[in-house]
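Below is one structure, written out as structure tokens; comments come after it.
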There are 2 protein chains.
Amino acid sequence: MVHINHRVGIKAPLQKVYEALATIQGIAGWWTQDTTGKSEIGGTIVTRFHTLEGTEIGSMHFTAKTLDPEKKVRWEFTAGPPEWIGTEVIFDLHQDGDYTIVLFSHRNWAEEVEFKSHCSMKWAIFMLSLKQLVETGQGKPSPHDIKIDNWN
Amino acid sequence: MVHINHRVGIKAPLQKVYEALATIQGIAGWWTQDTTGKSEIGGTIVTRFHTLEGTEIGSMHFTAKTLDPEKKVRWEFTAGPPEWIGTEVIFDLHQDGDYTIVLFSHRNWAEEVEFKSHCSMKWAIFMLSLKQLVETGQGKPSPHDIKIDNWN
């Protein structure tokens, strides 16, 4: 199994970062505007991605497995790109001075594939969007996300 | 051994991307303005990083191991952060329609550490800078790089 791991520091209280990760409104502010479902333990969240013109280009379904306001959010993917099914995303939070540190991990990819390298770049772009959302009130969720290659 | 892998697509001919990776002037345009040395097989390149006020905050020394204009640049790190020594960075290039695809890999980290997660985010930021440099003529090399946490 192989993983994507990123570290980002956000100049804001941990509680504000947690809310951006643990609520539908929060996720819609940094990942994709089209985020629906229930962010509660066992609940399903659906994220859909569109072009600027409105064409759907992909979607993911995932279950909230951990929602710990002091330190962690964990999701398990149940539908979406085949490589994602059964993988999990973990956001580990801790305070370090003025910063809330987010240790992001997209875990348990079966193998190193080109699509994983693409997703690694995109997750970095979305972690930057999360940081901007929490620090400034304005993220860059899809379809306004920074495009990084010919796959999006 | 664990690795950092990113995929970026640049709307430009492969030769332009190669020049940005294989010349001192190119590297200075996307990674750090303070890049010196010789980009030739067996030559040593030195990158130094500064704050905006000019204080040095780190440096790396690496040797060019592969300089293949059609498809690959490979570096081996000989000095810098302890975790980097002995690791290598590979840029694999291929054309896909209007894009030159860069498969970036920072290979052979001894273990998953928080510093690797930091470097994964920073490499994504610098791959974005490389894309901007080649597509627009203006990258964001250090010290003008996007800051992502309390470590830089």
Quick one: net charge around B:Glu112, please, counting Lys, Arg +1 and Asp, Glu -1 for every other residue with C-beta under 13 Å from its C-beta. -1
Residues in the stretch A:101-118, backbone N under 18 Å from the label point at B:Asp96 (7 Å along the Cα-to-beta-carbon vector): list them, ranges by number please. A:111-118
Compute the signed sum of charges (Lys and Arg +1, Asp and Glu -1) over the other residues within less than 13 Å, Cβ to Cβ, of A:Phe126. +3
Give me the net charge for the shell around A:His6: Cβ to Cβ below 14 angstrom, other residues only, Lys and Arg +1, Asp and Glu -1. +3
Quick one: which residues, 5+ away or cross-chain, put their amide H under 5 Å from the amide H of A:Gly139? H built at 1.01 Å from N. A:Leu133
Measure up A:Lys11/B:Lys65; A:Lys140/B:Lys140; A:Lys147/B:Lys38; A:Lys65/B:Lys140; A:Lys122/B:Lys38; A:Lys16/A:Lys122 against 31 Å on the Cα-Cα distance and list the ones that go over. A:Lys11/B:Lys65; A:Lys147/B:Lys38; A:Lys65/B:Lys140; A:Lys122/B:Lys38
Would you mind computing the Rg to Rh ratio of chain B from its alpha-carbon coordinates, Kirkwood style for Rh? 0.93
Rolling a 1.4 angstrom probe over the protein heavy atoms, how many square angstrom per residue are accessible across the protein assembly as shown? 42
Apply the Karplus curve 6.51 cos²θ - 1.76 cosθ + 1.60, θ = phi - 60°, to the phi angles in the stretch A:24-31 and return the couplings in whole Hz, x for Gly and Pro. 4, 4, x, 4, 5, x, 10, 9
Shortest first and in nm, the label-point separations between B:Thr55 and its counterparts in the other identical copies (7 Å out along Cα→Cβ) come to 5.1
So the pair-distance distribution of the protein assembly as shown, from every Cα-Cα distance in 10 Å bins, comes to percents of 6, 27, 36, 22, 8, 1
Enter the buried accessible area of the A/B pair, total of both sides, probe 1.4 Å, in Å² rounded to the nearest 100. 2300
About its Cα centre, how strong a charge dipole does the stretch B:2-136 have in debye, to the nearest 20, once Lys and Arg get +1 and Asp and Glu get -1 at the Cβ? 200
Which whole-Hz ³J(HN,Hα) couplings does the stretch B:58-71 yield from phi under the Karplus relation 6.51 cos²θ - 1.76 cosθ + 1.60, θ = phi - 60°, glycine and proline marked x? x, 7, 9, 10, 8, 10, 6, 9, 9, 9, 10, x, 8, 7
Would you tell me the mean number of C-beta atoms belonging to other protein chains that fall within 10 Å of each C-beta in B:94-105, as a whole number? 2
Dipole magnitude (debye, nearest 20) for the protein assembly as shown, charges at Cβ of Lys, Arg, Asp, Glu: 200
Per residue of B:117-128, other chain Cβ atoms within 10 Å number on average 6
Tabulate in residue order the Karplus-calculated ³J(HN,Hα) for the stretch B:44-52, using 6.51 cos²θ - 1.76 cosθ + 1.60 with θ = phi - 60°, rounded to whole Hz; enter x for Gly and Pro. 9, 10, 10, 10, 10, 10, 10, 6, 4
Considering chain A as a Gaussian network with a 10 Å cut-off on Cα pairs, which listed residue, A:Asp92, A:Asp34, A:Asp68, attains the greatest mean-square fluctuation? A:Asp68
At a 1.4 Å probe radius, carbon and sulfur cover how many percent of the accessible area of the stretch B:1-71? 51
Once R0 is set to 30 Å, what does the formula 1/(1 + (r/R0)^6) return for the Cβ-Cβ distance between A:Ser59 and B:Lys11, expressed as a FRET efficiency to the nearest 0.05? 0.65
Using alpha carbon centers only, the stretch A:23-93 is separated from the stretch B:25-75 by a whole-angstrom value of 38
Can you list residues from other chains, or at least 5 along the same chain, whose modelled amide H is less than 5 Å from the amide H of A:Thr32? A:Ser142
Report Rg/Rh for the stretch B:1-59, rounded to two decimals, where Rg is the Cα radius of gyration and Rh the Kirkwood radius. 1.03
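The values are calculated or read from the model by the stated rules, or taken from the named source; none is laboratory data. Quantities reported herein were computed from a predicted structural model and do not represent experimental measurements. No Cβ is skipped: glycine too gets one built from the backbone with ideal geometry, and neighbour counts run over all protein chains shown. Keep in mind that these areas ignore ligands, DNA and RNA; they rest on the heavy atoms of the full protein, side chains included. Shrake-Rupley method; radii C 1.70, N 1.55, O 1.52, S 1.80 Å.
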